[in-house]
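One structure is given below, encoded as C-alpha cells.
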Amino acid sequence: MLRKDILYRFLPLLSQHRPLAHAADELGTTPEIVKAWVRRFREWLLVLDSTGDFERRVRLGLKAPRPLMDCPHCLKQVEARPHGFKRTRKRTAAELKRRMFRCTGCNGFFDVSIDAL
Ligand SMILES: [Zn+2]
C-alpha cells in the first residue's frame, strides 16, 4: 500500500481515543510510524490553528483510554468508556463529583465518585 493511501485511512483515526497499536494494525504499519505521524500532525495543526483547538482534538495514542470497572447493570468487569461528569438539574458536576462511564458490554451508564478513581 502506498503511504498516501495509508494517510487517507489515518486521518479519521486522529480524533479517536485508541492505542497506537490498534491504529497500526488497521493501517498495516508499525506503532512507531503512527506515533511519528501523530506528532507531525499535532505540529501542523498548531501551525494551521494557533488557538490549539484542533490540536487538542487529537486523541489517538493518548494513554489509559478505558479503565476496567465492574458494571452494575450486567455485573461483569468491563472496559468502561469515560462519559463526562454526572450532573442533575439542581446540582452541578462540581458539587456531585461523580464521573460517568458507559459499559462497553451492555451500553449501560453508571457513575463513580471521583474519590474512588
Ligand atoms: Zn454492563
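The values are calculated or read from the model by the stated rules, or taken from the named source; none is laboratory data. For clarity, every value in this text was computed on a predicted model and none was experimentally measured. Please note: Cβ atoms are built from the backbone with ideal geometry, for glycine as well, and neighbour counts cover all protein chains shown.
Within segment 25-80, how many residues are within 12 Å of the chain's Cα centre (by Cα), among the basic types (Lys, Arg) and not in a helix (DSSP H, G or I)?
Matching residues across segment 25-80 total 4.
Search segment 81-117 for residues being within 13 Å of the ligand (Cβ to nearest atom) and either touching a Ser or Thr at 6+ places or on another chain (Cβ under 9 Å) or in a loop (DSSP other than H, G, I, E, B) (or both), and hand back the single one that is nearest to LYS63 (Cα to Cα).
Going through the qualifying residues, I end up with ARG81.
Name, by its number, the condition in (1) assigned to a loop (DSSP other than H, G, I, E, B); (2) surrounded by fewer than 11 Cβ atoms within 10 Å (Cβ to Cβ); (3) at pLDDT 90 or above; (4) not assigned by TED's automatic domain parsing to the domain that holds ASN107 that does not hold for GLN16.
So GLN16 meets the others, but not (2).
State which residue is nearest to PHE101 (Cα to Cα) when the search covers only segment 56-76 and only residues that are within 16 Å of the ligand (Cβ to nearest atom) and exposed (fewer than 11 other Cβ atoms within 10 Å of the Cβ).
For segment 56-76, the residue satisfying everything is LEU68.
Considering each of THR29, THR51, THR92 in turn, give the residue that is hydroxyl-bearing (Ser, Thr, Tyr) and surrounded by 13 or more Cβ atoms within 10 Å (Cβ to Cβ).
One residue alone meets the criteria, THR29.
Scan segment 42-55 and give yes if some residue there is more than 12 Å from the ligand (Cβ to nearest atom) and touching a Lys or Arg at 6+ places or on another chain (Cβ under 6 Å), otherwise no.
Taking every residue of segment 42-55 in turn, at least one turns out to be more than 12 Å from the ligand (Cβ to nearest atom) and touching a Lys or Arg at 6+ places or on another chain (Cβ under 6 Å).
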